[in-house]
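Visitor: I'd like to ask some things about the structure below.
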Amino acid sequence: MTPRHLVLRAVAVLLAPAILLFALYVQFHADYSPGGGFQAGVVFAASLILHALIFGAGAARNLIAMEHLRRAMAAGVLLYGLTGAAGMTLGGVFLDYAPLAQSAQAGRHVGVFLVELGVGITVAATIVAIFRAFSEHRQDIGQEDW
Amino acid sequence: MMRRLVQKLAFLEKNPRRVFRALAALGGALLALDALLWIAGVYKNIPVWHGLYGFVMCVALVLGAKAMRHIVRRREDYYAPRATDSEEERQP
Amino acid sequence: MSETLALHAPALVILLPLLTAPLCFLFSRAANGVWATALLVSLLSFLCAAFLLEKTFDGRVLSYHFGGFPPPLGIEYRIDMMSALMLLIVAGASLLGLLFARRSVARELPAARQSAFYVCYLLCASGLLGVAATNDAFNMFVFLEISSLAAYALIALGGDRDRRALSAAYNYLIMGTIGATFFVIGVFFLYAATGTLNMTDLADRLHALPVGSRSLYAAEAFIIVGLALKIALFPLHVWLPNAYAFAPSAATVFLSAAAAKVAIYALVRFLFSVFGLDFAIGGETLNAVILPTAMIGMIIGSFSAIFARHAKRIFAYSSIAQLGYMMLGIGLESREGLEASFVYLFNHALAKSAIFMALGCIAYQQASMKLSDLHGIARDMPWTMAAFTIAALSLIGAPLTGGFIGKWLLMDAALAQGFWLIALVIAAVSLMAVLYVWRVIEAAYLKAPTGRRRGAPRAEAPRREAPFSMLLPLWIAALLSVYFGVDTRLPVGAAEIIADSLEAAGQ
Amino acid sequence: MIPLIAPGWLLLGGACLIPFIPKGAARTSFMLALPLFGMGLLWLIPDGSLAASFGGYAITPFRMDGLARIFCLIFLIATFLSALYAWHLRDSFQHVSAFIYAGAALSALTAGDLLTLFVFWELVSLGSVGLIWARRGEGAWHTGLRYLIWQMASGLLLLGGALFFFRETGSLAFDAMTLQSPSAWLIFLAFGIKAGFPLLHNWIQDAYPAGTITGTVFLSCFTTKLAIYALARGFPATEALIYIGVIMTIFPIFYAVIENDLRRVLSYSLNNQLGFMVVGIGIGTPLAINGAVAHAFCHIIYKSLLFMSVGAVMYRVGTAKATELGGLYRSMPLTMIFCVIAAASISAFPLFSGFISKSPILSESLGGGYWVVWFLLLFASAGVFHHSGIKIPYFTFFAHDSGRRVREAPMHMLLAMGIAAFLCVAIGVYPQALYAMLPFPMGDYTAYDAAHVIGQLELLIFSALAFGFLMLSGLYPPEVRGVNLDWDWVYRRVLRRAFERIGGSVLVLGDKVWGYVLGVWGVVYSVLARFYGPGGLMGPSRAAGSMALWTAILLSLALLFAYS
């Protein structure tokens, strides 16, 4: 296979880590500055999608298997839910983070951090998965089958 | 006991007029008793009414029904096959 | 312990299935394991719902504040009698459906998709439970979407057996999305006008607003139409028959028992609790719209059922007719009407799930659900068809079954307002139900079984009775539908409380 | 002490157990024990009622008082006798049907409200139709359906009546009503169907001869007498009933005279006997009601005895048609004796049960000044004797010898018939025992005074003479095979033909119209298909597009309503 679009590939290789880093920034500074799990997840996914666009579906599959994406989707939701439930078991109500640490404020820090992380993971994984699903779609029902 | 009963009935069956005459005699006796009691003032019913009425109406009933039969009777399989009666189903 | 449970039950009833779903997705490969987990969780959820029902039976209202933020700031779950009854119906249907599902799913779905089925099932259940529990309009939308998306997937899973399931799911997806969009547009209008999403708070603020706010009228119109789509109210019912007919049997059981009912609940919640009957589309207008559409839906649904040839589709159309009954009670806008609707809803959930379970048992034994292929099936599957007959009697409204009390109350409610015509339509549609049920009974009991079918998809073993694990939930549902026809304390008692509170709110 | 289980519920519960008991002696003993237990319960249960709530309505699922008690007693006796008569039967379907039927009828007797009554009223229909369907065959199937439609119509009328009644009065209690509101008329009609009112009566003569041998014995006991009970409870002293009842006593006797199928003769005679009871209820004095109730009591015994004896003949010979029978006294003398006892009872010979129960009704019609009614009832009494008293035994056991030599009826049938015959005589000889159980006190009333006894004897003897005279003179119409058209001809033949005829022409017309519709639709479809069809403008699925259109229409309507 001869390498083509050398410029694009070079730029993508340079950009991708930066985008990932930015995604993490948006993720972890969300409680003080604009951002949050959702936005971070999208940004994160953008880098993976960029990778797939430039290097092709095969490379993307090698990078992260669909199986792992699915797991990540579920794991993110679970992280969110379990953090909420943890507040519940420790004496508060669902999504009440105050009991998570010594002081209420510290608890809320931990809680929001974990919850946003869960959101971020799920969103990133889902968006990549949707992209994959479309890009790898095979036509298995013909027009006339309807 | 049953056998004697059956024999007696068989005798009566062969002599229907005898049965009829016995019945008529019983009826006559009843009419007489009815009239006597009425004369004696035991009750105030109209005497012999029941007997005459019963006789006349029964004859009328049977003759009326006989006439009616001309209008309403149809062959037995009139409603077939959507009807059943008191007979074992016959094989076609 | 009881106090802790009372505190958390409103959240637990939904969170249990909601969190178990991704858990199952993450960790389990074996379908049986996922099934067992789902069953356990459904049971716990059902117990929570029963507990909540018991707690609210004296008219008490339980409130749960998410994250400790009091309403209207935070999201509130508010369990009153109506919510509790819906929770019980959904959780109960989910439990019965899961009991039924194991063998049915193992037969109908390829091994690779069986775990996915249970995950979607749990998600759908948690979504429906969430709609019933939440008191936050936007949160309701979210749960509505969770349940709908899961339902689309559930229906599409039938595609391995019958490709038409895919198209049915697609249609449902389009229509469901339109419905949800309309709903959320309505909610946004409300939010724009009042600045709150908490429904209790919404009701208060709406009534404080000057009359004649146009955006509120639009909001109500959008919400009614959006939910009508989810309910499959005539003429927006077209997606339903195929969706129910081609979904996997276990999915049909659950969806038919719970999905449309929850949408009805949401509609009642908005019409009576949030807007109130003196609002724009209320009172006379609502009468004029809902009553005729409900009646036409009843008649058209019944006719379609009479002429349908596919056993599952017969009862899918019958569902449209039956939903018409429930809407009729709501359209009457009286205490009696609402009471009748909820009793009907409860009993219909039982009877319909039993019927679809019976059909599922048949589907377990033979691929074709065409009426002509069911000839003489009662000889091979006597227990299945006996339970089917019992449930069908309840659907018709025979005395001593749950359906009877529902129809009786509905007719009584119609007569109470002098709607003779409606009472007559109810009676006529019941007779039509006799007709379509009779077609199935006739095929199953009276027709001689046809010989080997030509071109049968696979060499079929002789038909046998369905396995015990499928008959058990079927008989539970069938017997319950008789039990609640005799001992009416639970459905009628609950419906009375609901009607009282709605009447109070609607004034 | 109400928590004792009601006898009817006991029988219903028993009916559910029957299929699980092995066929044979165990099951039949169980079936005999049920009504005996029921009698024990009946004895233990005091008067009173049980209040309950059903779907928010106050109902009375159980009520016991004098009227209900005596009907319960006779229903239990009848169940016992019929079950004994059916000892030989090995058909689970019939067993269960019969006991559901009997249990439902008993439960309906003790229903204190219209809703409960309706429920068991329908269950009576369902249970009883099984006894007809058990004949198995196309004819029985259709007859059963016709029967069921009549019964269901009665049930629906009752349901509608109950609904309206509740709307009018706010209560569902089943007590005396007056024919002044639509609800009362609906309920009246519902009772009327089951009681065999004129023009609503045909199901009796249609269905009862179609039942199985043992099934018809059950059938003859419960349905119609339940209706009599309901009329006595709901519409006592309703004058219309007197005239309805008189017509019921008169017209069936004409049919009974010319009918060939003896079980159908008995069905007509049953209709005629119901007429006497309806008249009694219509007169409505305590004595007349007592008479009606007592007549129902005696009637159940002697009518079932008649059906049993004819059934026994049918069991041995295979037919119950007068043309095929005759001379059977040689083979079945005991059956003959029981049949004659029943015939004497239904004809109201003194010392037999019919006499002591019919006299109060006749006396009261005279006492109430209904002269014409009295004349007609007297005529009907003579007629009863003619067709049930003479015709049934005569053509079965005597007349011309059919040459059939069969065995006597089986032991259990003889036993059942013997008990019934004993009861017929016992009640006739010692009526005070029955009188004491009647709902109203009888005072010092006695049927046995000279006027009654002599008048009745005279009537009967001269009726017999008339029969003899007609037979000897050859005027009596010979027995011939055939069916006689009754009112049911209208719906079984005329309406059916008309329906087929009209249906045919509608179909022809419909085909033409349909042709045009299809033509137009073809054009419309091709246009629509261009837009909605596969690959068309609106995408691959037509349904989604049209649904979205509907959504838009509905939304605009809703908005229109909102802004209007």
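Only the coordinates and a few stated rules stand behind these numbers; no lab work does. Please read these numbers as outputs of a predicted model, since none were measured by experiment. Backbone-built Cβ (ideal geometry, glycine too); neighbour counts: all protein chains shown.
Visitor: Could you tell me how many degrees, from 0 to 90 and to the nearest 10, lie between the Cα long axis of helix C:249-268 and the main elongation axis, the longest principal axis, of the Cα atoms of chain C?
Guide: 20 degrees
Visitor: For the Cα atoms of chain C, what angle does the longest principal axis make with the long axis of helix C:420-441, in degrees from 0 to 90, nearest 10?
Guide: Value to nearest ten degrees: 30.
Visitor: Report the paramagnetic label zone for C:L7: residues of region C:15-42 whose backbone N is under 20 Å from a point 7 Å from Cα along the Cα-to-Cβ axis.
Guide: Backbone N within reach: C:15-16.
Visitor: As I understand it, the dipole of chain D uses +1 on the Cβ of Lys and Arg and -1 on the Cβ of Asp and Glu, about the Cα centre. Which of D:I244, D:C16, D:V278 lies farthest toward its positive end?
Guide: Result: D:C16, furthest along the dipole toward the positive end.
Visitor: Summarise the partner chain shielding of C:18-24 as one whole number: the mean count of Cβ atoms from other chains within 10 Å of each residue's Cβ.
Guide: 5
Visitor: Between D:L509 and D:T446, what is 0.36 nm times their sequence separation minus the Cα-Cα distance? Round to one decimal in nm.
Guide: Roughly 15.6 nm would be gained on extension.
Visitor: Same structure again: Tell me which of C:S304, C:V268, C:P248 sits at the most positive position along the dipole axis of region C:202-350, charges placed on C-beta atoms (Lys, Arg +1; Asp, Glu -1).
Guide: Going by the Cα projections, it comes out as C:P248.
Visitor: Once a ≥ b ≥ c are taken as the square roots of the eigenvalues of the Cα gyration tensor of region D:1-174, is the result rounded (a/c under 1.5), prolate (a/b larger than b/c) or oblate (a/b not larger than b/c)?
Guide: oblate
Visitor: Quick check of the Kirkwood formula: for region D:192-325, what is the inverse mean of 1/r over all pairs of different Cα atoms, in Å? Walk me through the numbers before you get to the answer.
Guide: Details: mean 1/r = 0.0676 Å⁻¹.
In region D:192-325 this quantity evaluates to 14.8 Å.
Visitor: Another one. Determine the calculated [θ] at 222 nm for the protein assembly as shown from helices alone, applying -39500 (n - 2.57) to every DSSP H run no shorter than 4 residues and normalising by the residue count; nearest 500 deg cm²/dmol.
Guide: Helix contribution divided over all residues of the protein assembly as shown: -24500 deg cm²/dmol.
Visitor: Specify whether the C-alpha gyration tensor of region B:2-72 places it in the rounded, prolate or oblate class, a ≥ b ≥ c being the square roots of the eigenvalues: rounded for a/c under 1.5, otherwise prolate if a/b is larger than b/c and oblate if not.
Guide: oblate
Visitor: Work out the charge dipole of region D:1-174 with +1 on the Cβ of Lys and Arg and -1 on the Cβ of Asp and Glu about the Cα centre, then indicate which of D:V124, D:L114, D:F71 is farthest towards its positive end.
Guide: The residue sitting most towards the positive pole is D:V124.
Visitor: May I ask you to list the aspartates and glutamates whose Cα is less than 13 Å away from that of C:K370, ignoring any residue fewer than eight positions away on the same chain?
Guide: none
Visitor: Taking Cα centroids, how far is region D:388-410 from region C:63-117 in Å?
Guide: Taking the Cα centre of each part, region D:388-410 and region C:63-117 sit 73 Å apart.
Visitor: To continue, here is another question. With an 8 Å cut-off on Cα pairs and a minimum separation of 6 or more residues, tell me the relative contact order of chain D in percent. Write out the running numbers ahead of the final one.
Guide: Numbers: 909 pairs, mean separation 68.8, N = 564.
The normalised contact order for chain D reaches 12 percent.
Visitor: Per q in 0.05, 0.06, 0.08, 0.09 Å⁻¹, report the Debye log10 I(q)/I(0) for the protein assembly as shown, using one uniform scatterer on each alpha carbon and no solvent.
Guide: -0.47, -0.64, -0.97, -1.14
Visitor: Further, regarding this structure: How many nm separate the modelled label positions at C:S215 and A:A59, each set 7 Å beyond the Cα in the direction of the Cβ?
Guide: 4.9 nm
Visitor: Moving to a separate point now. What's the Cα-based Rg to Rh of region D:235-299, Rh via Kirkwood?
Guide: 1.05
Visitor: Can you give the mean number of other chain Cβ atoms that lie within 10 Å of the Cβ atoms in peptide C:172-178?
Guide: Mean partner shielding for this stretch: 3.
Visitor: Quick check for chain D: number of Lys pairs with alpha-carbon distance under 19 Å, counting only pairs 8 or more apart or on different chains?
Guide: 8
Visitor: Follow-up question, since we're still on this one. Between B:A60 and C:D500, take the C-beta separation as r, use R0 = 51 Å, and let me know the FRET efficiency to the nearest 0.05.
Guide: Working: r = 69 Å, r/R0 = 1.36.
E between B:A60 and C:D500, to the nearest 0.05, is 0.15.
Visitor: Using only the Cα atoms, what convex hull volume per residue in Å³ does region C:345-480 have?
Guide: Convex hull of Cα atoms, per residue: 103 Å³.
Visitor: Could you work out how much longer the chain between A:T89 and A:S135 gets when fully extended? Use 0.36 nm per residue separation minus the Cα distance between them, nm to one decimal.
Guide: This chain segment gains 12.3 nm when fully extended.
Visitor: Per residue of D:546-556, what is the mean number of Cβ atoms on other protein chains within 10 angstrom of that residue's Cβ?
Guide: Numbers: counts 2, 11, 5, 1, 8, 10, 2, 3, 12, 10, 2.
Taking the mean over all residues of the peptide, I get 6.
Visitor: Next question. In terms of Cα to Cα distance under 16 Å, which lysines are near enough to C:K407, apart from those fewer than 8 places away along the same chain?
Guide: C:K352
Visitor: I'd like the Kirkwood hydrodynamic radius of region D:236-486, using the inverse of the mean 1/r over distinct C-alpha pairs, in Å.
Guide: This gives a value of 18.2 Å.
Visitor: Next up: Quick one: which residues, 5 or more positions from D:A399 or on another chain, have an amide H under 5 Å from its amide H? H modelled 1.01 Å from N in the peptide plane, none for Pro or chain starts.
Guide: The answer is D:G327.
Visitor: Compute the long axis of helix D:262-283 from its Cα atoms, compare it with the longest principal axis of the Cα atoms of chain D, and write down the angle in degrees, 0 to 90, nearest 10.
Guide: 90 degrees
Visitor: How high is the relative contact order of chain C, in percent, with contacts defined as C-alpha pairs under 8 Å that are six or more residues apart?
Guide: Numbers: 884 pairs, mean separation 75.2, N = 507.
RCO, chain C: 15 percent.
Visitor: B:M2 to B:I46: FRET efficiency via 1/(1 + (r/R0)^6), r the Cβ-Cβ distance, R0 41 Å, to the nearest 0.05?
Guide: 0.40
Visitor: In terms of modelled amide H atoms, which long-range or inter-chain residues lie less than 5 Å from the amide H of D:K321?
Guide: Here D:L262 satisfy the definition.
Visitor: Measuring from the lowest to the highest alpha carbon on each principal axis, how far does chain D reach, largest first, in angstroms?
Guide: Per principal axis, max minus min of the Cα coordinates gives 98, 57, 55 Å.
Visitor: Right, next: What ranking of D:S388, D:S556 emerges when the number of other C-beta atoms within 10 Å of each C-beta is taken as an exposure proxy, fewest first?
Guide: Sorted ascending by nearby Cβ count, the order is D:S556, D:S388.
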